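The values are calculated or read from the model by the stated rules, or taken from the named source; none is laboratory data. None of the values given here were measured: they were computed from a predicted structure. With ideal geometry, Cβ positions are generated from the backbone for all residues, glycine too; neighbour counts draw on all protein chains shown. Calculation scope for accessible area: heavy atoms of the full protein, side chains included, ligands and nucleic acids excluded. Shrake-Rupley method; radii C 1.70, N 1.55, O 1.52, S 1.80 Å.
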Amino acid sequence: MSDYVIETHGLTRYYGGKCVVDTLDLKVPRGSIFGFLGRNGAGKSTTIRMLLGLVEPTRGSATILGHDCQNLPPVARERIGYLAEGHHVYGWMTVGECGRFQSSFYKHWNQSIFDGVVDHFNLDRKAKAGDLSRGQRAGLCLAMTMAPEPELLILDDPALGLDPVARRSLLQSMIYVTRRSDRTILFSSHLLAEVERVADYVAVLDYGVLRASCPLEMFRERVRQFSLRFDGVTPQLPGIPGLLQAFRAAGEISLTIANYDARSEELLRSLQPVAFEEVPLSLEDAFISYLGERGEKSFFLDQAPEKPEALETVAVVDEEKLP
Amino acid sequence: MPLKFSVVTGSPDPVYRQIVEQVRVAIAGGVLQPGEQLPSVRALAELLVVNPNTVARAYNDLTGEGALEARPGKGVFVAQRRQVFAPEERLRRLEAAVQTLVKEVALLGFSDEEIQELLQRELQKLKGGEEQKR
């Protein structure tokens, strides 16, 4: 059994002349809760739709549970649960009917899971699905997706439009799924606070390009901010590999750096600051800095950080941005 | 067990470190006694609604520094107190903690005496908590 439930190789998709997903090499480890991050329009949904065989890649290939995505046999589809963006339901059915209808498509259906999730979201089984609130609809969709006990759960922006209580219920359900260690969840999200709670791996997609794919804690450890103070004039900055942001104030330079390592530290210390201090970043700040306005495609946080030569040097600070 | 964990997201402090610190304080304050069992990784993860690996990492770190001990097949327990750090490492940790304190209070304008008094009081509180338990 492969250690990865999803593997893509140079997966690419154009819509007209626009490259939406660009040569994506992504691996999702079995048993992980994998947060798929990126701004709106970064290509997350298109990637997910290609994984499920709903959209054809322009180039490249992908496998899911060991099967080619473009040729998923029903036995493989049964092992995958997909929650589409927007929590669509058949509005004329009741909650109970939705469950029965959905169950008819599956050989394996665990009604107690359906009931558990429905109760967790406080849904009335006799309520019309069309009358449910957004959060309740999400609960119903989740119940229908979880009841077949899929090996791989793919949730496309499941928290979109949910209130805090429904979001928490969603996260609890996700944690519950991983009671079985061979279960994997891939979910896309904008809500960094939630990603921080439940994800153990993250991938960051930006303008269709994979910018990072690594354990969550590694992402945090490798996007760092430092404050350097100087007596008198601040020196010119040398080319610093992985520099994301630089701000200059009187006698002080603040730097955000990706893939920070011993070499970067040496470089910063060689400027001989009188004070050298790390400024801890929240996950959200790290994420925003990482996808900052400079938007280079050059840094890549890899699962194998011991290969620094894979990183390109993006040299000099844009002096215009330094007042 | 009166121990109450809580984690916040969006903080510069990673979730696993928040758990580590809460357990450390609970042990130092006597809220958790040597030999006492901690919730299982799974149970704490579901309680806090965090990834089980995050809790496992926290327990792992605490086991590594000798605060907790894992008994195979039984669970994780508060270890009997013993010093696991080499003297230099112990000193380094104390210095780092004091430096953080000094940085935080530098601009608050308290006199040295006031700071020392408060520090003394907090240390007493820690010891008080321990004695109550005994």
* Test A:L210 against the stated conditions and say whether it is under 15 Å from the mean Cα position of the chain (by Cα), of a type outside the set (V, I, T) and within 14 Å of chain B (Cβ to nearest Cβ). => no
* Taking the condition buried (at least 20 other Cβ atoms within 10 Å of the Cβ) and either closer than 14 Å to A:Y290 by Cα or without any contact (Cβ under 8 Å) to a residue 24 or more places away in the chain (or both), does A:Y207 pass? -> no
* To do: Hey, could you check the range A:184-195 for residues that are open to solvent by 10 Å² or more (accessible area, probe 1.4 Å) and either in contact with a Pro (Cβ under 7 Å, 6 or more places away or on another chain) or within 12 Å of chain B (Cβ to nearest Cβ) (or both) and say which is farthest from A:L216 (Cα to Cα)?
  => A:L191
* Test each condition in (1) open to solvent by 70 Å² or more (accessible area, probe 1.4 Å); (2) over 15 Å from A:L11 (Cβ atoms); (3) not charged (D, E, K, R) for A:Q70 and report the one that comes out false. => (2)
* **Search result, residues across the range B:13-35 that are surrounded by 15 or more Cβ atoms within 10 Å (Cβ to Cβ) and more than 13 Å from B:A58 (Cα to Cα)** => B:A26, B:I27, B:A28, B:G29, B:G30, B:V31, B:L32
* Within the range A:152-182, which residues are touching a strand residue (DSSP E or B) at 6+ places or on another chain (Cβ under 7 Å), at negative phi and either open to solvent by 10 Å² or more (accessible area, probe 1.4 Å) or not in a strand (DSSP E or B) (or both)? -> A:D156, A:P158, A:A159, A:M174, A:V177, A:T178
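Every residue, every condition in (1) within 14 Å of chain A (Cβ to nearest Cβ); (2) surrounded by 12 or more Cβ atoms within 10 Å (Cβ to Cβ); (3) in contact (Cβ under 8 Å) with a residue 24 or more places away in the chain, yes or no:
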position	(1), (2), (3)
B:P52	yes, yes, no
B:V55	yes, yes, yes
B:N60	yes, yes, no
B:P72	no, no, no
B:V76	no, yes, yes
* Among A:L123, A:L83, A:L37, which is closer than 22 Å to A:L160 by Cα, among the aliphatic types (A, V, I, L, M), open to solvent by less than 80 Å² (accessible area, probe 1.4 Å) and more than 27 Å from the chain's Cα centre (by Cα)? -> A:L123
* Test result for B:S6, modelled with pLDDT of 90 or more and open to solvent by 20 Å² or more (accessible area, probe 1.4 Å) -> no
